[in-house]
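Undergrad: Submitted below is the structure of interest, expressed as structure tokens.
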Amino acid sequence: MTTEAVPAAEVEAGPVYPSLSPSRAADFKTCPLLYRFRTIDRLPETPSPDQARGTLVHAVLERLFDLPAAARTVSAATDLVDTEWRRMLEEVPEVAGLEVPEEFLDSARELLTGYFTVEDPRRLEPAERESLISALVDDQLLIRGYVDRLDVSPDGALRVVDYKTGGAPREAFEARALFQLKFYALVLWRTRGVVPRVLRLLYLKDAEVCDYSPDAEELARFERTLLALWQAIERATAAGDFRPKPSRLCGWCSHQAVCPAFGGTPPPFPSPRPPAPVEVEPARGWDDGVG
Ligand code: SF4
């Protein structure tokens, strides 16, 4: 098995590889039919207010680090809520049509206040924010996705940080969140030659930090698992066979109306069979849903 960093120019102009983002890989693991609905049928999804709030809080945390270190205060973060929400209303059509509860913006401010109880952004200088990272694995599959934040210590140690703003019970998503972080850790290991020292899940609602330290052996196993998952996706695509796999995550799925597990009928499978999906720019997705 070989893995190599993909120069930016090659991603844009070179050979086109099928690609997989952590969200879509996790979809297939969660429920193959959900993967099909999102990646092959590309059925539209309306974000819930919780998901829109997650996206808003992510945007504020990204902007916060544009400010000089001393200015990254709670009030600066909560002030950014209005600015970023106005921007989302203008730029994101799904958000413009969304009915949000009256306390929506206040609840976003509360999550940001919670953030300050677990981290002090005045003491941090992230190396990257909302950064698209990618690696080619086994000369055949481009794995890529956005990391919320990447910190690099003076000795070169990497810490991958993922913000969780969930309204959903966190146990329902913890395995999925860790899968996503291992995915990023694998990309970073393969492209930079360094196993990230820490994978950090930052739960803003509970003001809790969950740190995990992977090792190279584990990431090598994860890479094999990912390739096996990709082969399963290719087989399912060739056969047009994506089965529903009901679980408690169905409660957050937008597609129950067309899911046989809920009495629905999926749209006809595209004919001819679609080629292996290429996510030119993987969707940033909505935070804290099944997405
Ligand atoms: S409702 Fe459940 S079983 Fe049906 S597609 Fe969604 S996640 Fe899969």
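Undergrad: Could you please give the count of residues in segment 247-261 that are more than 7 Å from the ligand (Cβ to nearest atom) and at pLDDT 95 or above?
TA: Of the residues in that region, 3 qualify.
Undergrad: Please identify the pairs in which a residue from segment 227-252 that is small (Gly, Ala, Ser) has its Cβ atom under 6 Å from the Cβ atom of a residue that is in a loop (DSSP other than H, G, I, E, B) and open to solvent by 30 Å² or more (accessible area, probe 1.4 Å), counting only partners at least 6 apart or on another chain.
TA: From segment 227-252, the pairs are Gly240/Phe269.
Undergrad: Can you name the residue in segment 44-98 that is part of a loop (DSSP other than H, G, I, E, B) and at pLDDT 90 or above and is also nearest to Gly114 (Cα to Cα) among such residues?
TA: The residue in question is Thr73.
Undergrad: Scan segment 6-27 and give yes if some residue there is surrounded by fewer than 18 Cβ atoms within 10 Å (Cβ to Cβ), modelled with pLDDT of 90 or more and of a type in the set (A, V, I, L, M, F, W, C), otherwise no.
TA: Taking every residue of segment 6-27 in turn, none turns out to be surrounded by fewer than 18 Cβ atoms within 10 Å (Cβ to Cβ), modelled with pLDDT of 90 or more and of a type in the set (A, V, I, L, M, F, W, C).
Undergrad: So Val187 ticks every box in (1) open to solvent by 70 Å² or more (accessible area, probe 1.4 Å); (2) at pLDDT 90 or above; (3) of a type outside the set (Asp, Glu) but one. Which box is left unticked?
TA: Against the list (1) open to solvent by 70 Å² or more (accessible area, probe 1.4 Å); (2) at pLDDT 90 or above; (3) of a type outside the set (Asp, Glu), Val187 comes up short only on (1).
Undergrad: Limited to segment 104-135, what total is found for residues that are under 19 Å from the mean Cα position of the chain (by Cα) and open to solvent by 30 Å² or more (accessible area, probe 1.4 Å)?
TA: Qualifying residue count for the region: 5.
Undergrad: Any idea how many residues of segment 204-246 are assigned to a helix (DSSP H, G or I) and more than 16 Å from the ligand (Cβ to nearest atom)? Let's see the steps before the verdict.
TA: At the first step, the residues of segment 204-246 found to be assigned to a helix (DSSP H, G or I) are 216-239.
Next, from what is left, pick out any that are more than 16 Å from the ligand (Cβ to nearest atom): 216-231, 234-235, 237-239.
Of the residues in segment 204-246, 21 are assigned to a helix (DSSP H, G or I) and more than 16 Å from the ligand (Cβ to nearest atom).
Undergrad: Here is a further query. Going through segment 136-149 one residue at a time, which ones are in a strand (DSSP E or B) and either over 27 Å from Tyr115 (Cβ atoms) or over 14 Å from the mean Cα position of the chain (by Cα) (or both)?
TA: Start the filter on segment 136-149 by keeping residues that are in a strand (DSSP E or B), which leaves 136-137, 141-149.
Once the filter is applied, which keeps residues that are in a strand (DSSP E or B) and either over 27 Å from Tyr115 (Cβ atoms) or over 14 Å from the mean Cα position of the chain (by Cα) (or both), segment 136-149 yields Leu136, Val137, Leu141, Leu142, Ile143.
Undergrad: What are the residues in segment 51-64 that are open to solvent by 10 Å² or more (accessible area, probe 1.4 Å) and touching a residue at least 40 places away in the same chain (Cβ under 8 Å), if any?
TA: Start the filter on segment 51-64 by keeping residues that are open to solvent by 10 Å² or more (accessible area, probe 1.4 Å), which leaves 51, 53, 55, 58-59, 62-63.
Those that are open to solvent by 10 Å² or more (accessible area, probe 1.4 Å) and touching a residue at least 40 places away in the same chain (Cβ under 8 Å): Gln51, Arg53, Thr55, His58, Glu62.
Undergrad: If you don't mind, another one. Given the structure, is Ser48 open to solvent by 30 Å² or more (accessible area, probe 1.4 Å), in contact (Cβ under 8 Å) with a residue 60 or more places away in the chain and within 16 Å of the ligand (Cβ to nearest atom)?
TA: Yes.
The values are calculated or read from the model by the stated rules, or taken from the named source; none is laboratory data. Remember, it's a predicted structure, so these values are computed and weren't measured experimentally. A quick note on method: Cβ atoms are made from the backbone with ideal geometry, for glycine too, and the neighbour counts reach across all protein chains shown. Ligands, DNA and RNA are excluded from the accessible area calculation, which covers all protein heavy atoms including side chains. Shrake-Rupley method; radii C 1.70, N 1.55, O 1.52, S 1.80 Å.
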